[in-house]
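Q: First the structure, then my questions, so here it is.
The values are calculated or read from the model by the stated rules, or taken from the named source; none is laboratory data. Just so it is clear, the model here is predicted, and its values are computed rather than measured. For neighbour counting, all protein chains shown are included, and Cβ atoms are generated from backbone atoms with ideal geometry for every residue, glycine included.
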Amino acid sequence: MTTAQPLDVTPSPLALLLLGRAADPASERGVDCPGDLPAPSDPDLVGRARAARERLGSRLFVLGHHYQRDEVIQFADVTGDSFKLAREAAARPEAEYIVFCGVHFMAESADILTNDSQQVILPDLAAGCSMADMATAEQVAEAWDVLTDAGVAGSTVPVTYMNSSADIKAFTGRHGGTVCTSSNARRALTWAFAQAGENGKVLFLPDQHLGRNTALRDLGMAPEDCVVYNPHRPGGGLTPEELRRAKMILWRGHCSVHGRFSLDSVTEVRARIPGVNVLVHPECRQEVVAAADHVGSTEHIIRLLDEAPAGSRWAVGTELNLVRRLAARYAPQGKEIVFLDRTVCFCSTMNRIDLPHLVWALESLADGKVVNRITVDPETAHFARVALDRMLALP
């Protein structure tokens, strides 16, 4: 009998990143991951989190995004979407520490909107957003040069989705544009086209699907009014004439979760559950949105299910943690809520914020050690705030 020899395998950089033992310094996700974490099997994690919270008292305010795990959400003072949470942080000036259980761009927005005496903490710096990572400041600056060379930059207003880095928000602010959320994208685009003037255009960053769905569904545009700028191809893969003809220049980005839903998902769930209402997020692909019964932001999805009659059936196309939580919440009211797709799909980066990371962050703060602070440099914060303020002032 031979003894099994250990495999001589060196983990790849991607494997280390996914395991939380490395980071990608060139991405929006941050620069490093913490080292010594409590073991996930530690039976005292919940008690440790509660004890650290009690030690910190009113100096601590915990924000929990809707897509977070239940084990984390239970410690949130407020739950919501990214912009709601950033505003909630700004409304708590007495809180010295804002622990943001979300992803990197959300914590950046909270730092921009809070005062200088507040410190924003992200329990795991590698909790990023694949969509936000699809548009870097260098790529967008190069795209603007392409638009300039095509003679259309002067009539183009940039609009960036909230799901973007502070650098991209600042670019938008510098160039007369605004930020939008999935709930006010129509208002933001209507405003932007008014600013652009006759024959004006919008450069929509970084989610092509939200931009296209809003243009086609809400603004009555035709598919040929939209072109997709691919930052990995020379000139964005577009000719100057295509740029001049277009009304919507869509960045080639997408949500890794919402992009998974397909027309087959809708067809299959309708066949499986008679009378089902299909409810999807506007980050889904256009054919999925067109086939759905209802489309709306995360807050709209929650509100619609809250108002739904008992006995109604719903297939929801958004992140699985939220769908499971809503299914459990409304089951006693006789509402059947299922995930739109049969394939399990969590937001992998959002799920990096787990109980060990949260306990580590809270205990460190309680011991007087500030960890994983998210800061945006003053110039970037200024112009990002300009873009955010334009959104807040939308009619």
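The rows are residues; the columns are (1) surrounded by 17 or more Cβ atoms within 10 Å (Cβ to Cβ); (2) under 30 Å from residue 186 (Cβ atoms).
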residue	(1), (2)
284	yes, yes
296	yes, yes
302	yes, yes
331	no, no
366	yes, no
376	yes, yes
383	yes, yes
387	yes, yes
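Q: Would a scan of segment 93-100 turn up a residue that is among the charged types (D, E, K, R), touching a residue at least 12 places away in the same chain (Cβ under 8 Å), touching a strand residue (DSSP E or B) at 6+ places or on another chain (Cβ under 8 Å) and surrounded by 22 or more Cβ atoms within 10 Å (Cβ to Cβ)?
A: no
Q: Next question. Evaluate the following for residue 280: is it within 24 Å of residue 73 (Cβ to Cβ), modelled with pLDDT of 95 or more and β-branched (Val, Ile, Thr)?
A: In short, yes.
Q: Now a separate question. Helices (runs of 4 or more DSSP H) wholly in segment 123-189 with at least 2 residues that are in contact with a helix residue (DSSP H, G or I) (Cβ under 6 Å, 6 or more places away or on another chain) - which ones?
A: 137-149, 166-174
Q: If you take just the helices (runs of 4 or more DSSP H) that sit entirely in segment 53-120, which of them hold at least 2 residues that are aliphatic (A, V, I, L, M), modelled with pLDDT under 90 and under 16 Å from the mean Cα position of the chain (by Cα)?
A: It comes to 82-90.
Q: How about segment 240-259: which of its residues are more than 30 Å from residue 315 (Cα to Cα) and of a type outside the set (Asp, Glu)?
A: 240, 243, 244, 245, 246, 247, 248, 249
Q: Return only the number of the condition from (1) in the same structural domain as residue 87 (by TED's automatic domain parsing); (2) buried (at least 18 other Cβ atoms within 10 Å of the Cβ); (3) of a type in the set (D, E, K, R); (4) over 18 Å from the mean Cα position of the chain (by Cα) that residue 354 does not satisfy.
A: Exception for residue 354: condition (4).
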